[in-house]
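Please read the structure below before turning to the comments.
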């Protein structure tokens, strides 16, 4: 079972540069959350802060009731055992085959016999669809396979929290779709707390229970998926629709003059934008053969009810 992460008033700077400030949110235990934001807003910095690799200037991070910002290094090392991390490029050792890469955390952090290690490694490789690729080197496989190998390695210590740092980076849309399904299937199987940093709008609409958005050194919003997908907040609407019109510019936020010129050029498109987001994207559900625990069964029933309601409304409109 995953654990809850409570972040309160978190502020992180590098010298005089404030990355983000006063960030407060709760990642519910066992749920899938996504953190969005334009490039350079500190999403990866946020992940590193959660595992204690970076120390914030202010605020607290409570994991299973313990504030990790106040822990000594030895105690922090123990808390990190709760985490599994999938890095952007998989972060595999190029000289090791996939089996040895995935076995590495078990050999490094446990005293298990090789027979037990082999059983665990093959189980995790099977979960991510890599059985038969044990002897391949990272340089001999595709980017998608490297991501899955990195995910298998993140799973071997049975973490209660898994962090995904842009798992879709460098993948084509088809591989991203497969990876999204794998993430949903894994959450249903291991019930850990997932946090995904991504730029992929389709993933953000389909995969998570909760969505957050970092912008202008602040957490603009964090909440249930439906709340963000139907939000009238301009920066949320712009990002989730992937449009030019809104506060986000090419490099930084736009100034008032630029916003005013856009309003004249594009007209008042707020109502149309909001209506577009209000059409809820269907939630991705665990695939065939994956047992659904009560939480996922409830989500599936909600999706069925939503689809039935939409079908009924469409029939009424066509009948009128």
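What follows is calculated from the coordinates using simple rules that are stated; it is not laboratory data. Only a predicted model underlies this, so the values are computations on that prediction, with no experimental measurement involved. Ideal geometry is used to build each Cβ from the backbone, glycine not excepted, and the neighbour counts take in all protein chains shown.
Computed extension gain for residue 89 through residue 177, at 0.36 nm per residue and net of the alpha carbon distance, reaches 29.9 nm.
Antiparallel beta bridges, as assigned by DSSP with both residues in the chain, represent about 55 percent of the total such bridges. When the chain is treated as a GNM with alpha-carbon contacts under 10 Å, the residue of 222, 14, 87 showing the greatest mean-square fluctuation is 14. Remark on the stretch 1-59: hydrodynamic radius 12.2 angstrom, per the Kirkwood mean of 1/r across alpha carbon pairs. Taking the C-alpha atoms only, the angle from helix 294-319 to the longest principal axis of the chain is near 30 degrees. For the chain, the relative contact order is 21 percent, taking Cα pairs closer than 8 Å that sit 6 or more residues apart in sequence and dividing their mean separation by the residue count. Name the residue, out of 131, 183, 19, whose mean-square fluctuation peaks in a Gaussian network model built on the chain with Cα pairs under 10 Å. In this elastic network of the chain, the residue with the biggest mean-square fluctuation among 131, 183, 19 is 131. GNM on the chain, alpha-carbon springs under 10 angstrom: the most fluctuating residue among 90, 42, 170 is 170.
Shape summary: the chain maps onto an equivalent ellipsoid whose semi-axes, from the alpha-carbon gyration tensor, are 35, 26, 19 Å in decreasing order. Counting only alpha carbon atoms, the long axis of helix 114-127 and the longest principal axis of the chain meet at about 20°.
Could you tell me the distance between the Cα centroids of the stretch 69-113 and the stretch 160-193, to the nearest Å? Rounded to whole Å, the Cα centres lie 18 Å apart. For a Förster distance of 25 Å, can you work out the FRET efficiency between the beta-carbons of residue 243 and residue 22, rounded to the nearest 0.05? Computed FRET efficiency for residue 243 and residue 22 comes out at 0.35.
Quick one: length gained pulling residue 72 to residue 158 fully straight, 0.36 nm per residue minus the C-alpha distance? Separation in residues times 0.36 nm, less the Cα-Cα distance, equals 28.6 nm. Remark: spin-label model distance residue 107-residue 14 equals 3.3 nm, labels positioned 7 Å along the Cα→Cβ axis. Estimated purely from DSSP H runs of n ≥ 4, each contributing -39500 (n - 2.57), the mean residue ellipticity at 222 nm for the chain is -13000 deg cm²/dmol once divided by its residues.
Taking the longest Cα principal axis of the chain as reference, the axis of helix 143-155 is set at about 70 degrees.
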